[in-house]
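Peer 1: Before we start, here is the structure in question, set down as structure tokens.
We did not get these values from a lab; they are worked out from the coordinates using the rules stated. Just so it is clear, the model here is predicted, and its values are computed rather than measured. Here the Cβ positions follow ideal geometry from the backbone for every residue, glycine too, while neighbour counts run over all protein chains shown.
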Amino acid sequence: MSSELIHIARAGVEIGAYVLEDVRAKLSSGELSASDHYWKPGMAGWLLLSVLPDPKRLPPFPRPEQKGGNLFDGILGRKSYQDGLLAVWDKLAEAPRECLLAEADWVELNEKVGYDIKKRCRTDLNKWYRLAVEAYLSDRYFAPEEKANLANLAFSFGLDPATAEEIHGESFASYFRVGMLTVMARAIAPKQKREQIDLLGREVPLSDAKLREAMGQVMQTVFDQRLNSLMQQEDGGEVMEPSAYAAFQSELEQMDMNLSLDAKLQARIDSAQRLWSLCRSPLREMPCELELGSEGCFWTRQVELAMNRRVTTRRSYGGFGTSIKIWGPLRYRTGSYDVERQTEQRLEKIDSGTLVFTSKRVIFTGNLKSLNFKLTKILDVTVYADALEIDRDTGGDVVFFFASGQAEAAVILRRLVKQAKG
């Protein structure tokens with residue numbers, strides 16, 4: 001008897017979990033109703049008990065049609081290719097154990113048709129195996145007897161584990177992924193989720209490597225979805241509540257699901273948590289080398305200054321031309337001469353120095369250039385991967401390049417600008 005538990009719900013409330021044989025018995029006795037619902041790990045959702053599948057006795061693929069033999073079959077005194085498939089299907093239909101043929105059965109079949117059926121009909125036998133997989137998974141309910149039957153078919157058709165998984169691997173990986181996502185969405189304790197995921201993993205005929213791959217794909221999807229739900233846009237930056245992320249990490253740890261995050265993603269998470277705290281904590285003054293009087297220094301860092309420069313005038317020679325030396329440095333150039341003028345803005349790094357945000361101003365002190373403008377003149381602050389752009393109402397935009405920390409600087413500057421503008 002199977003030990004697999006089927007969860008039963010009535011009127012939207014789960015009322016128990018029973019082994020499959022008991023569910024069928026309770027249905028027969030009237031203790032359970034066809035209008036009740038059932039679910040087990042692997043299924044995408046709850047279904048009515050009225051559609052609970054019954055054990056299938058016939059091969060899970062259609063019987064092939066009868067066709068005549070070809071010229072070579074007649075010359076060689078053997079049955080046709082189709083006769084071999086028919087003989088195998090009929091033998092499977094009457095086999096004592098469902099979907100299982102012994103070696104003696106194959107000897108008998110080969111003698112009957114006059115050739116090695118496994119060898120000659122290999123393509124169709126593999127196709128039958130694939131059709132069996134599709135039939136067993138069509139209702140999103142992979143029963144224990146179906147797993148046994150599939151193993152019997154693999155043995156009967158001479159499929160080693162690697163070849164069988166090559167045929168059914170992606171189908172069962174997809175079945176596992178959908179089932180695991182369903183489990184992850186259930187409102188149950190993390191340890192219960194892990195137990196149901198492990199049960200689902202034991203039910204599917206997948207190698208450990210394939211199972212780990214499928215589980216990793218699901219966890220990556222779950223992690224990305226949860227991370228996106230935790231991330232918020234605030235004050236032009238991406239922020240995340242540290243306690244909410246810690247609770248998510250705790251849930252993963254209780255499930256023994258540990259994802260390895262690349263450096264870029266980890267940096268994004270760390271930055272979002274820092275910005276969350278920075279957006280909510282009071283701005284704090286810090287030491288500064290400048291004499292600021294009554295103004296407080298709230299941020300300072302070594303940066304590089306870049307500004308837009310206007311580039312104009314480009315010379316070019318038109319038409320076919322050549323250059324002929326006349327005498328000494330004098331040369332004669334043939335072809336027309338034209339001057340094409342163009343004007344474009346080009347961002348150029350022009351200096352390095354110290355950037356300071358005070359309660360009233362932005363101050364940059366460089367080796368070649370200094371800037372000093374009021375916070376009230378700032379229209380917008382834009383953050384880039386390695387830079388901070390400040391849009392001013394007069395004097396043009398300025399860009400500061402950072403080694404790190406530009407997102408935090410942007411949050412502080414925006415908060416200071418809001419305070420300065422009231």
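Peer 1: Kindly provide the helix-only [θ] at 222 nm of the chain, computed as the sum of -39,500 (n - 2.57) over DSSP H runs of four or more divided by all residues, to the nearest 500 deg cm²/dmol? All intermediate terms of the calculation are to be shown ahead of the outcome.
Peer 2: Values: 13 runs with 182 residues, N = 422.
The helix contribution divided over the chain gives -14000 deg cm²/dmol.
Peer 1: Output needed for the chain: three equivalent-ellipsoid semi-axes, defined as square roots of 5 times the C-alpha gyration tensor eigenvalues, in descending order, whole Å. Don't skip to the end; give the middle numbers.
Peer 2: Numbers: eigenvalues 1010, 307, 49 Å².
Three semi-axes, in Å: 71, 39, 16.
Peer 1: Moving to a separate point now. In degrees, nearest 10, range 0 to 90: what is the angle between the Cα axis of helix 263-280 and the longest Cα principal axis of the chain?
Peer 2: Tilt of helix 263-280: around 60 degrees.
Peer 1: Could I ask something else about it? Hey, fewest Cβ within 10 Å first, where do VAL13, VAL178 land in order?
Peer 2: Details: VAL13 6, VAL178 16.
Fewest-to-most Cβ neighbours within 10 Å comes out as VAL13, VAL178.
Peer 1: Name the lysines eligible as straight-distance cross-link partners of LYS349: C-alpha to C-alpha under 18 Å, and not fewer than 8 places from it in the same chain.
Peer 2: LYS369
Peer 1: Mind checking the range 161-235 for GluC sites (Glu not before Pro) that DSSP puts in a loop (not H, G, I, E or B) and that have at most 15 other Cβ atoms within 10 Å? Could the numbers behind the result be given before it?
Peer 2: On the way: sites: GLU165, GLU166, GLU170, GLU195, GLU203, GLU213, GLU234; in loops: none.
The qualifying sites: there are none.
Peer 1: Which of the pairs LYS264/LYS377; LYS40/LYS191; LYS91/LYS127; LYS40/LYS91; LYS40/LYS210 have their Cα atoms more than 28 Å apart in this structure?
Peer 2: Numbers: LYS264/LYS377 34 Å; LYS40/LYS191 17 Å; LYS91/LYS127 18 Å; LYS40/LYS91 33 Å; LYS40/LYS210 22 Å.
Beyond 28 Å: LYS264/LYS377; LYS40/LYS91.
Peer 1: Which cysteines in the chain lack any other cysteine whose Cβ sits under 4.7 Å from their own Cβ?
Peer 2: Cysteines of the chain left without a disulfide-compatible partner: CYS99, CYS121, CYS279.
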